[in-house]
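Every number in this text was worked out from the coordinates using simple rules, so none of it is lab data. Predicted model only: the values in this text are computed from it and were never measured. Note: ideal-geometry Cβ built from the backbone for every residue, glycine included; neighbour counts use all protein chains shown.
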Amino acid sequence: MLNERFDLPLQIPMTHRVCFTRGAFSPGSELVVDLLREGGGRRALVFIEQSVVDHWPQLAHEISETLAKADVALAAIEIHEGGESAKNDEDLVRDVWSAVERGKIDRHSYILCIGGGAFLDAVGYGAATAHRGVRLMRFPTTTLSQDDSGVGVKNGINCFGKKNWIGSFAVPYAVVNDFQFLFTQDETTRQIGLIEALKVALVKDGTFFEWMVDHANQLALGNEEALIECVKRSALLHARHITTGGDPFEMGSSRPLDFGHWAAHKLEQLSAFSMSHGHAVSIGLWLDVIYSVKSGYLPEIVSKKIGRVMETIGFPQYDELLSQRDATGKLAVVAGLEEFREHLGGRLTILLLQAAGKSVEVHAMNENWIEECIESMRDHSFAMIESSKDRVY
């Protein structure tokens, strides 16, 4: 009997283009024009989140002018609602497929997507699966999408009540972080999006964390220069981990950029996705910081420093959903551990902190310790509420 096996290395050259600008579609900007010309495509389909159009009513015209300048034909401009609800079913994905078919968009054409993280995720999944992949140009418009998800290589929608259960890995043709969009967000959305910057600083770059400590007040006040610097540094840390970390499509069990996310994803699910991703990540991150101390990995003095930064910028550190219990009396959030493992596959791997910029991976978490950490978080939250009653504003 003949048994032969050939293990043939497969290398696919890819470039992850991450760009920073202000006024990407303004008449004097050449960045988008150059990107389109570089790719050689001659047709484009555009998706814009409704909230972006509400702030920039002239945007559709500016996009049309930019495409014409690049000698790229405009198939259509599609405007849809965004937010997490855009990911809770496949309607938007199917709208992408239908628009690709109607517009005769092929794999050498472009899809331009302009919106927040959830909108980018859903449209991106449609782009990645139409014709097995149409070139996608992402234009993230929120702090959270510019400093994290928008510069990544993941797309997806929610299913079975679980976060990003359906999705794909696909390197976008280009990501354009246009800082002009950051200043049309409401203050809460703008601030909470910086939690992913704090996360990546804690797991990848202690110097960046110290920068956030020094600039916490400016970030809290929405200082333009500080905000842009923070978003840019965070985006590049995320992108460089993806391109140089050795596992861009998460084939292994380690996922350092998801520090705090095992609880965050479960909290979003428990809230029926009414809790924002940034809000959930903030609480999940703080839980894993406290657990890192409880486990003996992180000095308490460092956790207090992290806590002060979170309080200054305005990141939430507790929510009643953390204390919700299932029918058996068990903390409901703990089920997020197995769901996190299942979503990634392989062995449960959770990252804990040893210092800002230094981490350790563990493969189990003590449920009693988790409960004690949550009790500590709740007590601290109540103490903060009580102390705030005596403040003079």
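Taking 0.36 nm per residue of separation and subtracting the Cα-Cα distance, full extension of the segment from His380 to Thr207 would add 59.5 nm.
Which of Thr184, Asn366, Gly133 sits farthest toward the positive end of the charge dipole of the chain, with +1 on the Cβ of Lys and Arg and -1 on the Cβ of Asp and Glu? The listed residue farthest towards the positive side: Gly133. (i) 23.3; (ii) 34.5; (iii) 19.7: which one is mean projected area of the Cα convex hull in nm² as calculated from this entry? From the options (i) 23.3; (ii) 34.5; (iii) 19.7, the structure gives (i). Residues in the stretch 235-250 carry Karplus couplings, in order, of 4, 5, 4, 4, 5, 5, 5, 5, 7, 10, x, x, 8, x, 9, 6 Hz; the curve used is 6.51 cos²θ - 1.76 cosθ + 1.60 with θ = phi - 60°, and Gly or Pro positions show x. Residue exposure proxy: Met212, Met251, Met275, ordered by other Cβ atoms within 10 angstrom of their Cβ from fewest to most, comes out as Met251, Met275, Met212. Annotation: the residues Arg135, Arg43, Arg102, Arg5, sorted from fewest to most other C-beta atoms within 10 Å of their own C-beta, follow the order Arg5, Arg102, Arg43, Arg135. Computing FRET efficiency as 1/(1 + (r/R0)^6) for Asp186 and Ala272, where r is the C-beta to C-beta distance and R0 is 22 Å, gives about 0.50.
Calculated FRET efficiency, Ser85 to Arg43, Cβ-Cβ distance, R0 = 30 Å: about 0.50 to the nearest 0.05.
Each of Gln269, Ala86, Phe169 was placed along the dipole of the chain (beta-carbon charges, centred on the mean Cα), and the one lying farthest toward the positive end is Phe169. Among Ile283, Ile79, Ile192, the largest mean-square fluctuation in a Gaussian network model of the chain (Cα springs under 10 Å) belongs to Ile79. Extension gain, Glu361 to Phe169: 0.36 nm times the residue separation minus the Cα-Cα distance gives 66.7 nm. Using the structure shown, list the pairs from Lys294/Lys358; Lys163/Lys204; Lys162/Lys232; Lys69/Lys104; Lys232/Lys266; Lys87/Lys154 with a Cα-Cα distance above 19 Å, or answer none. Pairs exceeding the cut-off: Lys163/Lys204; Lys162/Lys232; Lys69/Lys104; Lys232/Lys266.
Estimated at 0.36 nm per residue, the fully extended path between Ala73 and Leu221 surpasses their Cα-Cα distance by 49.1 nm. Between Trp97 and Thr15, the distance separating the two model label sites (each 7 Å from Cα on the Cα→Cβ line) works out to 3.2 nm.
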